[in-house]
Amino acid sequence: MELGTLLQTFPSIGPARAKALKKLGLETVGDLLLYYPRAYEDRTKIYSIAAAPQEEAVCVSALVAEAPRTSRIRKGLTVTKCRVVDGSGSAQVTFFNQDYVRYALTAGESYIFYGRMEVMGRHRQLTNPVFEREDRARFTGRIMPVYPLTAGVSNNLLAGLALPSVESCAHLVSDQLPSEVRLGRKLCTAEYACCNVHFPADQEALAVARRRLVFEELFTLSCGMAFLRSRRTEARGRVFPDRPVEDFLALLPFSPTGAQRRAMEEVRADMASGRPMNRLVQGDVGSGKTAVAACAAWLAKAAGAQSAMMAPTEILAHQHYETLSALLAPTGIRVGLLTGSMKAAEKRKVQAALAAGEIDLAVGTHALLSQGVEYADLGLVITDEQHRFGVGQRSALSSKAKTPPHVLVMSATPIPRTLALLIYGDLEVTIIDELPPGRTPVETYLVGEDKRERMYNFVRKNVSQGRQVYIICPAVEEGEGSELKAVTAYAKELAEKVFPDLRVAFVHGKLKAREKEAVMAAFSGGDIDVLVSTTVVEVGVDVPNAALMVIENADRFGLSQLHQLRGRVGRGKWQSYCVLVSGNRSPETRERLKYFTQTTDGFKIAEKDLELRGPGDFFGQRQHGLPTLRAADLAGDTRVLKEAQQAARDLLEQDPTLSQPEHRPLMERVRQLFAEDGDIFN
């Protein structure tokens with residue numbers, strides 16, 4: 001067996017299973033060795049029926065006393081039962097919808113069952129345990145890996161493939177960590193790590209293996225990020241004349257906060273430095289990031305350069321266009337708008353003005369990247385809500401400039417600093433941590449299903465005072481988790497039964513862009529009282545008159561997402577409210593949602609979310625350009641991350657291009673890790 005051996009050559013893998021495995025990215029033995037378990041089951045101890053601890057998963061050795069019987073309870077539900085015995089007593093084993101068990105368990109044979117032992121009076125029961133024949137047991141008496149699965153792939157199947165693969169090929173896994181780094185940090189070999197991450201000898205061996213794999217992954221990532229940074233610091237950029245920020249501030253109709261002022265000064269220094277600016281400005285909704293972008297565009301104009309600002313939605317592009325046009329009118333900066341839904345003649349007119357240098361700041365959506373859009377002299381690229389674009393689109397817009405442009409990235413998604421330094425490894429990070437004076441914090445409440453009528457009365461009261469209301473649901477149609485409030489059906493119920501006298505509308509991500517824009521524009525214009533929506537409004541239009549946000553099934557959202565949603569209200573001069581509705585009684589869930597009601601600090605919320613849910617929640621599906629991590633958990637592995645970053649710095653000081661023979665395997669690994677963003681090293 002080799003690392004390149006195809007899994008479909010294993011006897012248990014037919015075409016259907018091969019296809020299911022491919023969904024998980026598993027085609028070869030090498031893929032499988034890099035597919036790490038997500039959890040482990042301790043099957044090292046085997047109990048008798050009488051001695052088995054209650055309510056925890058354990059191994060029990062017992063003889064099947066009678067042939068299993070299957071009965072059909074109702075459509076879609078069958079139950080298979082049998083009695084098992086040992087010297088200490090007997091238990092009933094029950095399986096739901098697992099008809100194959102009738103043929104898999106034979107009366108008179110001994111098996112090892114792994115599951116929870118329930119005790120009801122004198123009766124003992126195991127429900128849906130996994131099992132194997134005692135004389136052929138492979139996964140008993142050991143710590144068992146639990147892998148991420150997909151339809152058609154069971155954990156037993158994956159473990160059954162992993163065991164011979166590890167035994168035959170662990171020694172073939174190449175050790176890409178330079179030996180001075182591995183020995184200096186007292187890390188185990190790649191072979192030991194591979195064996196013990198899949199089938200640990202004991203808990204200590206697992207900890208040693210995991211530490212090595214986490215370190216290696218974060219170390220490789222840190223090396224890649226260091227390349228990004230060095231590429232940036234070595235590049236020559238345009239020097240924009242150093243103008244005092246005070247001159248710009250004098251044009252503003254408001255007095256900026258200290259944090260805004262600091263961000264503007266950092267942008268000014270970057271643009272005058274002779275290196276291309278690559279700066280991330282992070283700040284909560286309403287903290288004043290747009291004024292920082294306006295200042296950057298003003299500096300670009302003074303240098304005779306054009307700016308382009310890309311927003312993730314048309315409605316947000318329109319909003320930025322209006323805000324910036326008003327803000328920059330006194331400075332003589334000409335602002336243009338370019339979006340996909342504009343008529344062809346309008347587009348041509350804007351494109352001609354851009355090419356002729358008659359527009360100083362182009363605001364738009366992805367249309368700014370489209371073919372045929374030429375800039376007379378693009379010197380500054382601004383992207384809003386960067387995590388919705390990813391590195392590729394940022395580069396595509398930059399490529400329309402003749403020389404490397406200055407790049408300013410804005411995000412209202414608070415990201416913990418450790419994560420920001422990794423994800424935006426090629427960016428300097430500025431945090432605007434002050435809200436403008438006069439912003440009233442949104443009052444947040446958590447209510448159960450029993451308070452639904454009161455919540456509806458509160459909606460009605462807000463509308464009677466002339467305010468507007470958002471109601472957010474996690475699902476679009478019935479069937480996507482039938483207990484969830486589904487947008488289309490729920491909006492209909494509200495419009496017909498609950499609020500027949502109010503103007504109720506709905507919007508969700510599956511609507512055509514134009515339909516979505518029309519509903520949002522009507523809400524913004526005050527023609528809708530209650531807007532029922534999925535999270536498409538999370539990054540969206542500014543409606544100062546919306547003063548109440550109701551979030552149904554709030555337990556289904558991460559804290560950071562809840563925070564983004566809450567940021568849609570509280571933008572006007574009225575006291576605003578956010579009501580979380582959840583029938584979930586789990587103590588952990590209640591504690592998480594209670595925490596959210598008690599703080600409005602986006603960064604504290606982000607840290608808590610990272611601690612509770614891991615980094616996935618910040619970005620949804622891989623939109624951020626960060627390579628997928630297999631072993632590391634950025635929430636729990638912060639200490640190892642710092643060690644790995646230091647080790648990467650030390651190594652790159654000695655060998656900045658990793659060209660020494662002993663470092664070439666590492667360089668190859670860095671290239672593989674950043675395969676989706678492969679041009680970063682060219």
Item to check | Sites ARG243 and GLN98 - FRET efficiency at Förster radius 60 Å, r taken between beta-carbons, to 0.05 | outcome: 0.25
Next on the checklist: Once you keep just the Cα pairs under 8 angstrom separated by 6 or more residues, what percentage relative contact order results for the chain?
Outcome noted: 12 percent
Next on the checklist: Please compute the contact order of the range 144-271 in relative form: average sequence separation of alpha-carbon pairs under 8 Å and at least six residues apart, divided by the residue count, as a percent.
Outcome noted: 16 percent
Checklist entry - What is the gain in length, in nm to one decimal, between THR150 and GLU453 on full extension, counting 0.36 nm per residue of separation less the C-alpha to C-alpha distance? => result 105.0 nm
Checklist entry - Length gain on complete extension for the stretch ARG334 to THR189, per 0.36 nm per residue less the alpha carbon to alpha carbon distance? => result 46.1 nm
Checklist entry - Taking each full run of DSSP H in the chain as one helix, which ones are at least 30 Å long along their axis (Cα atoms) and have mean Kyte-Doolittle hydropathy of at least -1.0? => result 203-234
Item to check | Spread of Cα-to-Cα distances over 5 Å intervals beginning at zero, given as percent, for the range 224-323 | outcome: 2, 11, 20, 22, 20, 15, 7, 2, 0
Checklist outcome for this item: Per the C-alpha gyration tensor (a ≥ b ≥ c, the square roots of its eigenvalues), the range 489-534 is rounded if a/c is under 1.5, else prolate if a/b beats b/c, else oblate; here it's oblate
Item to check | Whole-Å distance, taken between Cα centres, linking the range 1-71 and the range 543-616 | outcome: 39 Å
Item to check | Label zone at GLN54 (point 7 Å along Cα-to-Cβ), backbone N below 19 Å, the range 111-154 | outcome: 115-128
Checklist entry - Can you give the charge dipole size of the chain about its Cα centre, rounded to the nearest 20 debye, using +1 on the beta carbon of Lys and Arg and -1 on the beta carbon of Asp and Glu? => result 1120 debye
Next on the checklist: Over the range 443-613, what portion of Cα pair distances is larger than 26 Å, expressed as a whole percent?
Outcome noted: 23 percent
Checklist entry - Which of the peptides 125-138, 153-166 is most tightly packed, and how do the rest follow, judged by the mean count of other Cβ atoms within 10 Å per residue? => result 153-166, 125-138
Checklist entry - Hey, if you drop one equal point scatterer on each alpha-carbon of the range 57-176 and run the Debye formula without solvent, what base-10 log of I(q)/I(0) do you get at q = 0.13 Å⁻¹? => result -0.61
Next on the checklist: Report for the chain the percent antiparallel among DSSP-assigned beta bridges with both residues inside it, nearest 5.
Outcome noted: 40 percent
Item to check | Label-point separation, THR403 to GLU118 (7 Å along Cα→Cβ), nm | outcome: 7.3 nm
Item to check | Percent of Cα pairs exceeding the 33 Å cut-off, where the set is the chain | outcome: 60 percent
Checklist entry - Among the chymotrypsin sites (Phe, Trp or Tyr not before Pro) within the range 254-323, which fall in a DSSP loop and have no more than 15 other Cβ atoms within 10 Å of their own Cβ? => result PHE254
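Calculate the FRET efficiency for ASP655 and HIS171 from the Cβ-Cβ distance with a Förster distance of 30 Å, rounded to the nearest 0.05.
Efficiency at R0 = 30 Å is approximately 0.60.
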Item to check | Relative packing of 267-280, 69-82, which averages over residues the other C-beta atoms within 10 Å, highest first | outcome: 267-280, 69-82
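Bear in mind that the values in this text are calculations on the coordinates, not laboratory data. A quick note: this is a predicted structure, and the numbers were derived from the prediction, not measured. So basically every Cβ, Gly included, is an ideal-geometry build from the backbone, and we count neighbours across all protein chains shown.
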